[in-house]
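Have a look at the structure below before the remarks.
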Amino acid sequence: MVKAVKGTFIECDSAAREVLLKLNSKEKFIIEDLDSTHLFINSTHLKRIQVVLDELMDANTYKANVVK
């Protein structure tokens, strides 16, 4: 019997994939880990994943202080 699952196919780099795999150990949203750059995830968690990745990018981005 075929089982259909609603989800979202995402493409990410290897660093973002590792963050998502670690986050998945707590929240269980990855339906299938397809390869090194593609994941199939539960659509209901998409917004949360975007927020977490945006926060991580903001925390790891160099911000130059311009002195006038």
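Since every read-out is calculated from the coordinates, none of them should be taken as a lab result. Being a predicted model, the structure only gives us computed values, none of them experimental. Note that we place each Cβ from the backbone using ideal geometry, even for glycine, and neighbour counts take in every protein chain shown.
What does the net charge come to around LYS47 if you take all other residues with beta carbon closer than 14 Å to its beta carbon, with K and R at +1 and D and E at -1?
Spelling it out: positives minus negatives among the neighbours equals -2.
Enumerate the lysines that LYS3 could reach by cross-link, defined here as Cα to Cα under 21 Å, with residues fewer than 8 away along the same chain left out.
LYS28
Aspartates and glutamates within cross-link reach of LYS26: Cα-Cα under 20 Å, excluding same-chain residues under 8 positions apart?
Counting by Cα, and skipping residues close in sequence, LYS26 has these aspartates and glutamates nearby: GLU18, ASP54, GLU55.
Over the Cα atoms of segment 8-59, what Rg and Dmax result, in angstrom?
10.0, 28
Hey, what did the chain get for relative contact order, percent, Cα under 8 Å, at least 6 apart?
Answer for the chain is 33 percent.
Around VAL19, what is the net charge, scoring Lys/Arg as +1 and Asp/Glu as -1 over all other residues with Cβ under 14 Å from its Cβ?
After counting each charged neighbour, the total is -3.
Tell me the mean residue ellipticity at 222 nm calculated for the chain from its helices only (DSSP H runs of n ≥ 4, each -39500 (n - 2.57), averaged over every residue, nearest 500).
Calculated at 222 nm, the ellipticity per residue is -13500 deg cm²/dmol.
HN-Hα J couplings of segment 8-15 from phi, Karplus 6.51/-1.76/1.60, θ = phi - 60°, integer Hz, Gly and Pro as x?
Values per residue, Gly and Pro as x: 10, 8, 10, 10, 8, 7, 5, 5 Hz.
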